[in-house]
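Single-structure report; data block below.
The values are calculated or read from the model by the stated rules, or taken from the named source; none is laboratory data. Just so we're clear, the structure is a prediction, and the values are computed from it rather than from any experiment. In this analysis, Cβ positions are derived from the backbone assuming ideal geometry, glycine residues included, and neighbour counts consider all displayed protein chains. Surface accessibility is based on the protein's heavy atoms, side chains included, excluding ligands, DNA and RNA. Shrake-Rupley method; radii C 1.70, N 1.55, O 1.52, S 1.80 Å.
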Amino acid sequence: MKNNLFYYATSELSQDAFICWLVSFALPESKKDNKLKECAKDFICLLNPDIDKGSLILERIEKQATVKKGSIVDILLTLTSNSKHYKIIIEDKIYAVPHDNQLVRYLKDVKEKYPEHIVKGAFYKTGFPGDLSSVRAVGYTIITREMMLKLMEKYIKDTSNEIFKDYYCFWKQFQEKSQEYKSLPINKWDWWQLHGFYDYVHKSEFLKANKFGSNYSYVPNPSGGFLALWISDPSKSSKMTKENIPYELYLQMETAWNYQNDCYDIKICLKQGITDTDKMKKQNVKHGNMRDAVMYYSDGSSRIEKYNFVKPSRLGSGVHMTVGVYKSSYNDAESLFDSIKNAVHDYIKILDEL
């Protein structure tokens, strides 16, 4: 992979350039490469299923398009299809997520600047997607790494273009490494396998069938940070203390690199998140009281131990506090997922009690 262009061109700007380069084969004046022209048109149709490939005419490609002050779109395509005029916004992310309501803002700004065009948005994500429900909610089409590889597979054997092949091979290897969590023991996992496992849990039928919410992301902290996967029951996770202080109770899988053992340390934690700290301060309610109300019954016996959680080695006093660590053992993806499912069942029992 080290002689692959995209081993070194790893930024989102580099990926912007690849997308623009690929799409450019759909321009009327592009180089004569029938396979890449077909692929470019298929890609544009993937961005917006309303586009008719047979009547598609790509007119303009803009990279880092300034729509208005403070509103810069990664890529903006101008095209016609079936006599309709389109502006297609492509928001390109590798590992980052949308921020500051940018997707809604881009749609609004482009519509205002080009009222004669049909404006559509596409969210292009090659890294691990996490929860993209907010992207779907604002009407953007989502293009994932798996979708792009599937599209490129149709053409990879019929082209000798090195840029095209390098991009495909880079993300194909990325995809394959991320799926190795299925065969490797946990003590052999690298960040690819860990993210692949988190993505598997996030998309699992187990969570969907029970209507649990989930997401995963890196959490920085002074000790080096960790990769977290959150799981919650939206219908039950919001709770209230006897002082009417609202809080959330959720599960958090925490994975940090152990430099001494050269492997990941994984914990499944029961977490409490205070949702109104101002009210807590005004009523002079202590963090410890909030935490203890979950950890213990009124007679002082342990609630969390009843449901297979143990007291954490260090009790925190912040907005988000660990109130229990799940008692379980695992050495591979299957046993770890079984532990997560067991922890979820016990977590639900605790929610039902509180």
Test of understanding: what is the full-extension gain from Met147 to Asp190, defined as 0.36 nm times their sequence separation minus their Cα-Cα distance? 13.1 nm
Residue separation times 0.36 nm, minus the C-alpha to C-alpha distance between Leu132 and Tyr200: what's the value? 23.0 nm
Would you tell me the accessible area of Trp189, worked out with a 1.4 angstrom probe on the heavy atoms of the protein chains, in Å² to the nearest 10? 0
Of the trypsin sites (Lys or Arg not before Pro) in region 289-354, which ones lie in a loop per DSSP and count no more than 10 other C-beta atoms within 10 Å? Arg314
Which values, in whole Å and largest first, are the semi-axes of the equivalent ellipsoid of region 241-311 obtained as the square root of 5 times each eigenvalue of the Cα gyration tensor? 28, 17, 10
Whole-Hz couplings from phi, Karplus 6.51/-1.76/1.60, listed for region 317-327; x for Gly and Pro: 9, x, 5, 10, 10, 7, 10, x, 10, 6, 7
Students often forget the sequence filter, so: which aspartates and glutamates lie under 18 Å Cα-Cα from Lys341 once same-chain residues fewer than 8 apart are removed? Asp199, Glu205, Asp233, Glu254, Glu305, Asp332, Asp352
By the gyration tensor of its Cα atoms, with a ≥ b ≥ c the square roots of the eigenvalues, what is the shape of region 1-107: rounded for a/c under 1.5, prolate for a/b over b/c, or oblate? oblate
Can you give me the pair-distance distribution of region 230-354, C-alpha pairs, 5 Å bins, whole percents? 2, 10, 21, 23, 19, 12, 7, 4, 2, 0
Added length on full extension, which subtracts the Cα-Cα distance from 0.36 nm per residue, Lys31 to Tyr95: 19.8 nm
With every protein chain kept in place and ligands, DNA and RNA left out, what is the accessible area per residue of region 1-75? Probe 1.4 Å, answer in Å². 53
Of Pro222, Pro98, Pro312, the most mobile residue in a GNM of the chain (C-alpha springs, cutoff 10 Å) is Pro222
Any chance you could check the Cα centroid distance between region 270-340 and region 184-263 for me, in angstrom? 14
For the chain, the accessible surface attributable to carbon and sulfur atoms (probe 1.4 angstrom, ligands and nucleic acids excluded) amounts in percent to 50
I'm a student and want to see the number: the projected area of the Cα convex hull of region 55-109, averaged over all directions, in nm². 4.4
Global form of region 21-167, assessed from the alpha-carbon gyration tensor, a/c cut-off 1.5: oblate
Considering only Cα-Cα distances, which of the following residue pairs are longer than 22 Å: Lys53/Lys177; Lys63/Lys108; Lys188/Lys267; Lys41/Lys120; Lys150/Lys208; Lys267/Lys349? Lys53/Lys177; Lys150/Lys208
Answer label for percent of Cα pairs over 26 Å apart (calculated), chosen among (1) 53; (2) 59; (3) 65: (2)
Tell me the accessible surface of Phe170 in square angstrom (1.4 angstrom probe, heavy atoms of protein chains only), to the nearest ten. 40
Counting only GluC sites (Glu not before Pro) that are in a DSSP loop and have at most 10 other C-beta atoms within 10 Å, tell me the longest site-free stretch of the chain. 117-354
For region 157-246, state what percent of all Cα-Cα pairs lands in each successive 10 Å bin, counting from 0 Å until the bin that includes the largest distance. 13, 27, 29, 18, 8, 3, 1
How far apart, in nm, are the 7 Å Cα→Cβ label points at Lys279 and Glu162? 6.3
